[in-house]
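The values are calculated or read from the model by the stated rules, or taken from the named source; none is laboratory data. Quick caveat, the model's predicted, so the values are computed rather than measured. Don't worry about glycine lacking a Cβ; one is built from the backbone with ideal geometry, like all the others, and counts go over all protein chains shown.
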Amino acid sequence: MAKHSPQSLAEFELLVLLAALRLGPDEAYTVSIADHIEERTGRSVRRANVYTTLQRLEAKRLVTTRLGEARAERGGKPRRLVSVRPAGVASVRATAGAIQAMVGDLAEITREAG
């Protein structure tokens, strides 16, 4: 089977995948991902946007989801937990690498321009 090059990610897809990786497969779910992005970036995040993004990432086969244990605080409903697949990790690396390549010497360039 031929290897595919990693998919490039939109900014919010990257943030969602990074949060899911940081939280891990037993703690990453829509609410915790939204909260984690808010804590780390100071940016307000709508849970519906995280949910929609997770659906898109699952369709792209970058994440998988599974139902966790039933939770009393959720009226007995389980959380849908998120695991980042190897293709998702590869996409994070590729996208972060491209961003780093563009940002790398930006401080020097902006200092010269200012």
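Observations on the structure shown:
- Against the conditions (1) within 18 Å of residue 18 (Cβ to Cβ); (2) outside any helix (DSSP H, G or I); (3) in contact with an Asp or Glu (Cβ under 7 Å, 6 or more places away or on another chain), residue 43 satisfies every one except (3).
- Contacts under 9 angstrom Cβ, first residue in segment 72-88 being at positive phi, partner at pLDDT below 95 and part of a strand (DSSP E or B), 6 or more apart: 76/70
- Whichever residue in segment 5-51 is closer than 22 Å to residue 71 by Cβ and β-branched (Val, Ile, Thr) and, among such residues, is surrounded by the fewest Cβ atoms within 10 Å (Cβ to Cβ): 31
- Residue in segment 89-98 that is charged (D, E, K, R) and at pLDDT 95 or above present: yes
- Of all residues in segment 26-56, those satisfying the criterion of being closer than 24 Å to residue 5 by Cα and touching a residue at least 12 places away in the same chain (Cβ under 8 Å) are 53, 54, 56.
- Residues in segment 71-106 that are in contact with a strand residue (DSSP E or B) (Cβ under 8 Å, 6 or more places away or on another chain), closer than 21 Å to residue 16 by Cβ and small (Gly, Ala, Ser): 83, 88.
- Yes/no for residue 59 being without any contact (Cβ under 8 Å) to a residue 60 or more places away in the chain, surrounded by fewer than 20 Cβ atoms within 10 Å (Cβ to Cβ), among the hydrophobic types (A, V, I, L, M, F, W, C) and out of contact with any Gly (no Cβ under 7 Å at 6 or more places or on another chain): yes
- Selection count, segment 59-78, where residues are basic (Lys, Arg) and modelled with pLDDT of 90 or more: 3
- Selected residue (criterion: nearest to the chain's Cα centre (by Cα)) from residues of segment 46-65 that are of a type in the set (Ser, Thr, Tyr) and assigned to a helix (DSSP H, G or I): 53
- All of 61, 79, 85, 93 fail the test of being among the charged types (D, E, K, R) and farther than 14 Å from residue 6 by Cα, apart from 79.
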